[in-house]
Amino acid sequence: MLEKRLLEDLLSIAVSTGADFAEVFSEKTRNGSIRLLDSVIESIGDNVVSGVGIRAFLGTKTVYASTSDMSKESLVRCAGSVAAAIGDKNIKGSVKLTEKIFPNIHPVSVVPSSADMKLKCELLKEACGAAREYDSRIVQAMGMLLSVDHTIQIANTEGLLTSDRHIRTRMAVNATAADGSEMQSGSFAPGRGMGLETFELFPPREIGLTAARQAITNLTAMPCPAGKMTVAIENGFGGVIFHEACGHSLEATSVGTGTSQMCGKLGQKIAGDKVTAVDDGTIPGAWGSVNIDDEGNPTKRNVLIENGVLKSYMVDRLGSRRLGLPMTGNSRRQDYTFEPTSRMTNTFIDNGPDKNEDIIASIDYGLYAKSMGGGSVNPLTGAFNFAVSEGYIVRNGKICEAVRGASLIGTGAEILMNIDMVGQNLATGQGMCGSSSGSVPTDVGQPLIRVSEITVGGSK
């Protein structure tokens with residue numbers, strides 16, 4: 001990390017042509033990966049990303065530059081290029097920094113980069129071995145063990161100097177099942193903002209078995225019918241629909257530029273009465289949690305929607321200037337090469353008043369989406385299309401035959417208003433979210449919910 005005196009000099013240079021604010025972001029991140037196919041280790045990766053990004057503000061105008069050259073000369077040139085682009089005045093002044101240490105609410109017991117490589121390989125082999133042993137029709141099991149050791153330092157012209165270290169660990173298993181000419185797959189990829197103790201919460205054997213069970217279920221499933229249906233969406237990664245179809249529309253990145261369907265709707269009813277949605281970066285050990293965001297602000301629990309009413313957006317510094325709203329600790333970036341923007345952390349629909357068994361029992365005919373896959377969304381209109389990776393038909397209040405090829409099609413505004421039952425088994429699923437500031441880890445989540453009507457795309 002950079003010395004205090006150098007940081008003060010860089011900030012002074014960055015505002016020397018009239019900027020009203022500047023910050024320096026420095027980073028050193030170690031990424032580790034192990035890839036296994038069946039019982040064979042295919043690759044082991046270990047790389048370090050390090051560099052510095054410098055940003056200046058003049059009102060809502062921003063200029064950002066970055067460099068991987070950590071020499072003083074390079075950093076001074078970088079700050080000078082930002083100053084030259086932001087204004088044309090000649091202002092002399094100095095910046096004084098005061099270090100601030102924020103509490104670490106994400107302790108780590110076993111740092112992955114320091115752990116024995118043999119141990120990490122054995123964990124992965126255990127997961128893939130369990131998948132292969134689940135059923136003779138499992139013909140392939142592929143696994144990855146990923147770890148990130150992320151250290152950042154932030155200084156700005158408001159006098160803030162702070163730093164943070166955050167560690168994440170994740171295992172992903174993909175199982176392929178085959179029966180004659182038919183092939184289907186299943187996957188499971190849990191992760192935490194923790195070290196190898198993650199696998200005390202998610203035993204590798206259970207990760208492999210979950211992926212294999214899903215693959216076998218899909219292999220024997222019938223094609224899904226299409227049409228408008230009542231749909232029950234299960235907890236955990238089912239929350240990806242809220243994340244994509246609504247969450248991005250609540251980020252100041254889109255709200256502040258007028259490109260969100262949620263612009264100007266604070267205080268208005270946008271969802272069913274039972275829907276309360278939260279973005280919370282303070283959950284200890286959660287995949288999307290951090291002690292501070294990438295502008296040096298502590299993360300918060302932000303209630304976005306309360307009983308169907310829009311209460312808050314997720315706001316970074318630029319969004320705060322554009323909207324006149326306080327920052328919420330949601331500024332994030334993939335690495336130093338990206339200018340930060342407002343992003344989600346751990347975003348979920350909170351537990352509701354309904355019993356899970358009552359939700360299923362209430363459906364005469366519909367779809368039970370046990371597990372969701374990927375999809376796409378337009379943040380301006382909220383239109384989305386998401387794949388159901390494991391689904392079942394519901395008849396007369398009972399979960400019946402498995403179906404495959406289902407997708408959920410609609411808009412964020414539509415689905416929010418049509419959520420009429422919310423269960424009590426809140427859980428989260430892990431993902432990497434892409435946006436203008438790169439790919440960042442986020443948790444999505446919800447309890448079991450019922451959508452009274454939504455278009456289901458099928459395979460017949």
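The values are calculated or read from the model by the stated rules, or taken from the named source; none is laboratory data. What you see is a predicted model, and the numbers here were worked out from it, not measured in a lab. Quick reminder, even Gly has a Cβ in these numbers, built from the backbone with ideal geometry, and neighbours come from all protein chains shown.
The table below gives the values:
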| item | result |
| --- | --- |
| The range 137-165 residues that are assigned to a strand (DSSP E or B) and crowded, with 20+ Cβ neighbours inside 10 Å, paired with ones that are among the charged types (D, E, K, R) and modelled with pLDDT under 95 (beta carbon under 7 Å, 6 or more apart) | Ala141/Asp38 |
| Every residue from the range 40-62 that is within 26 Å of the chain's Cα centre (by Cα) and under 19 Å from Arg333 (Cα atoms) | Asn47, Val48, Val49, Ser50, Gly51, Val52, Gly53, Ile54, Arg55, Thr62 |
| Of all residues in the range 114-136 being small (Gly, Ala, Ser) and surrounded by 15 or more Cβ atoms within 10 Å (Cβ to Cβ), the one that is nearest to the chain's Cα centre (by Cα) | Ala127 |
| Unmet criterion (only one of (1) more than 30 Å from Val148 (Cβ to Cβ); (2) among the basic types (Lys, Arg); (3) in contact with a Leu (Cβ under 7 Å, 6 or more places away or on another chain)) for Lys72 | (1) |
| Among the candidates Tyr392, Tyr365, residue that is surrounded by fewer than 20 Cβ atoms within 10 Å (Cβ to Cβ) and aromatic (Phe, Trp, Tyr) | Tyr365 |
| Sole exception among (1) surrounded by fewer than 24 Cβ atoms within 10 Å (Cβ to Cβ); (2) among the charged types (D, E, K, R); (3) under 15 Å from Gly238 (Cβ atoms) for Asp443, by number | (1) |
| Close pairs from the range 82-99: first more than 17 Å from Val63 (Cα to Cα) and part of a strand (DSSP E or B), partner small (Gly, Ala, Ser) and at pLDDT 90 or above, Cβ under 6 Å, at least 6 apart | Thr98/Gly159 |
| Residue within the range 245-253 that is under 16 Å from Ala387 (Cα atoms) and outside any helix (DSSP H, G or I) present | no |
| Checklist (1) touching a residue at least 60 places away in the same chain (Cβ under 8 Å); (2) assigned to a helix (DSSP H, G or I) applied to Phe102, failing item | (2) |
| Any chance Ile283 is assigned to a helix (DSSP H, G or I) and either touching a strand residue (DSSP E or B) at 6+ places or on another chain (Cβ under 6 Å) or surrounded by 22 or more Cβ atoms within 10 Å (Cβ to Cβ) (or both) | no |
| Given (1) surrounded by fewer than 22 Cβ atoms within 10 Å (Cβ to Cβ); (2) at negative phi; (3) in contact with a Gly (Cβ under 7 Å, 6 or more places away or on another chain), number of the condition Glu401 does not satisfy | (3) |
| Residue pairs meeting the criteria (Cβ under 7 Å; at least 6 apart or on separate chains; first within 19 Å of Ala22 (Cβ to Cβ) and modelled with pLDDT of 95 or more, in the range 66-77; second assigned to a strand (DSSP E or B) and β-branched (Val, Ile, Thr)) | Ser66/Val52; Thr67/Val52; Met70/Val52; Ser74/Thr67; Leu75/Val52; Leu75/Thr67 |
| Subset of the range 409-441 that is within 20 Å of Ala271 (Cβ to Cβ) and hydroxyl-bearing (Ser, Thr, Tyr) - its residue that is nearest to the chain's Cα centre (by Cα) | Thr428 |
| Exclusive hit being surrounded by fewer than 23 Cβ atoms within 10 Å (Cβ to Cβ), of a type in the set (S, T, N, Q) and modelled with pLDDT under 95, set Asn378, Asn351 | Asn378 |
| Residues of the range 51-65 classified as among the β-branched types (Val, Ile, Thr), under 26 Å from Thr257 (Cβ atoms), in contact (Cβ under 8 Å) with a residue 60 or more places away in the chain and surrounded by 15 or more Cβ atoms within 10 Å (Cβ to Cβ), total | 1 |
| Filtered residue count, the range 15-29, keeping only those that are outside any loop (DSSP other than H, G, I, E, B) and buried (at least 18 other Cβ atoms within 10 Å of the Cβ) | 8 |
| Hits in the range 166-196 (condition: surrounded by 23 or more Cβ atoms within 10 Å (Cβ to Cβ), small (Gly, Ala, Ser), assigned to a strand (DSSP E or B) and under 19 Å from the mean Cα position of the chain (by Cα)) | Gly191 |
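So that you can scan it fast, the table gives a plain yes or no per residue for (1) surrounded by fewer than 24 Cβ atoms within 10 Å (Cβ to Cβ); (2) assigned to a helix (DSSP H, G or I); (3) hydrophobic (A, V, I, L, M, F, W, C):
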{"position": "Thr210", "(1), (2), (3)": "yes, yes, no"}
{"position": "Gln214", "(1), (2), (3)": "yes, yes, no"}
{"position": "Met229", "(1), (2), (3)": "yes, no, yes"}
{"position": "Gly238", "(1), (2), (3)": "no, yes, no"}
{"position": "Ile241", "(1), (2), (3)": "no, yes, yes"}
{"position": "Thr257", "(1), (2), (3)": "yes, no, no"}
